[in-house]
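The values are calculated or read from the model by the stated rules, or taken from the named source; none is laboratory data. Just so it is clear, the structure is predicted and the values come from calculations on it, not from any experiment. Every residue, glycine as well, gets a Cβ built from its backbone with ideal geometry; the counts of neighbours run over all protein chains shown. Surface areas here come from the heavy atoms of the whole protein model, side chains and all, with no ligands, DNA or RNA. Shrake-Rupley method; radii C 1.70, N 1.55, O 1.52, S 1.80 Å.
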Amino acid sequence: LCPDVRHFVFEAPDVEQLPFQAGQFVTFSEHVNGKKVMRPYSIASAPEGGNRFELCLNRVNEGLLSPILFDLRPGDTMDISAPMGFFTLRNPGREAVFVATGTGVAPFRSILHAHLPEQKQPMTLIFGTRYEHGLTYREEFEELQRRHPNFRFLPVLSRPDASWSGRSGHVQPHMLEVIGDRRDLDVYLCGLKLMVDDARGMLKDLGFDRKQIIFEKYD
């Protein structure tokens, strides 16, 4: 998708259906240097039936598991857990604002593909990366925005070059702009701990109830 970020397609060969809810994750496990290493990864695809699922992962060079995943070839296998997790659309009838950085966009891709066809309430995705080439699935999100009047896609670059005419900086101020005076919506946060914790603090200061702030951290 971009430097050190790949889109993976996996198949669970022992089942005909892999049931999961959009936004959930699977845990991969592998023995590394005699020790069992486990890492959770958000599913990036919608639960459309069948036993295939997709991931969006970045390579962590000093990591224990992602380099192994990046070296996989078609037909290689790894152990995974059953899908689990609670980072799912809690109130489908309520307006939702999704805030993602980096590969934290993966569960939102799953949620959008699963719920936009049936969802009439507004949904907004604020997606922040450093550089323009890091906006994974950009054309896909732009197409969803064209097809669904209730969906807005707001890409944000923290280190834009001179040719960028869109939003810049960190995602938090753009989140506050989208929310405005509204307090009757849910906000979903996914990405690095620094962003998630900062955005949560802002929302709490605005008077949001903790049940309206759904989050998942990637570090």
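Selection of first residues in region 74-94 that are among the aromatic types (Phe, Trp, Tyr) and of second residues that are assigned to a strand (DSSP E or B) and surrounded by 12 or more Cβ atoms within 10 Å (Cβ to Cβ), restricted to Cβ pairs under 6 Å at least 6 apart or on distinct chains, gives the following pairs, ordered by first then second residue: Phe87/Glu216. Restricting attention to region 184-202, the residues that are over 16 Å from Ile111 (Cα atoms) and either free of Cβ contacts under 8 Å to residues at least 24 places away in the same chain or not in a helix (DSSP H, G or I) (or both) total 8.
Does Val99 satisfy being within 19 Å of Val196 (Cα to Cα), open to solvent by less than 10 Å² (accessible area, probe 1.4 Å) and in contact with a Phe, Trp or Tyr (Cβ under 6 Å, 6 or more places away or on another chain)? Step through it out loud before you land on a result.
Values: within 19 Å of Val196 (Cα to Cα): yes; open to solvent by less than 10 Å² (accessible area, probe 1.4 Å): yes; in contact with a Phe, Trp or Tyr (Cβ under 6 Å, 6 or more places away or on another chain): no.
So Val99 fails the test.
Of the listed requirements (1) closer than 25 Å to Leu18 by Cα; (2) in contact with a Phe, Trp or Tyr (Cβ under 7 Å, 6 or more places away or on another chain), Tyr137 misses just one: (2).
Of all the criteria given as (1) within 20 Å of the chain's Cα centre (by Cα); (2) surrounded by 14 or more Cβ atoms within 10 Å (Cβ to Cβ); (3) of a type outside the set (S, T, N, Q), the one not satisfied by Phe208 is (1).
For every residue, the table says whether it meets (1) farther than 14 Å from Ala100 by Cβ; (2) exposed (fewer than 13 other Cβ atoms within 10 Å of the Cβ); (3) in contact with a Pro (Cβ under 8 Å, 6 or more places away or on another chain).
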| position | (1), (2), (3) |
| --- | --- |
| Arg146 | yes, yes, no |
| Arg152 | no, no, yes |
| Ser158 | no, no, no |
| Asp161 | yes, yes, no |
| Gly166 | yes, yes, yes |
| Arg182 | yes, yes, no |
| Leu189 | no, no, no |
| Met195 | no, no, no |
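Which residue pairs have Cβ atoms under 8 Å apart, sit 6 or more places apart or on different chains, and have a first residue in region 31-50 that is modelled with pLDDT of 95 or more and a second that is crowded, with 18+ Cβ neighbours inside 10 Å and among the basic types (Lys, Arg)? Short answer, once both residue conditions are applied: Ala44/Arg109; Ser45/Arg109.
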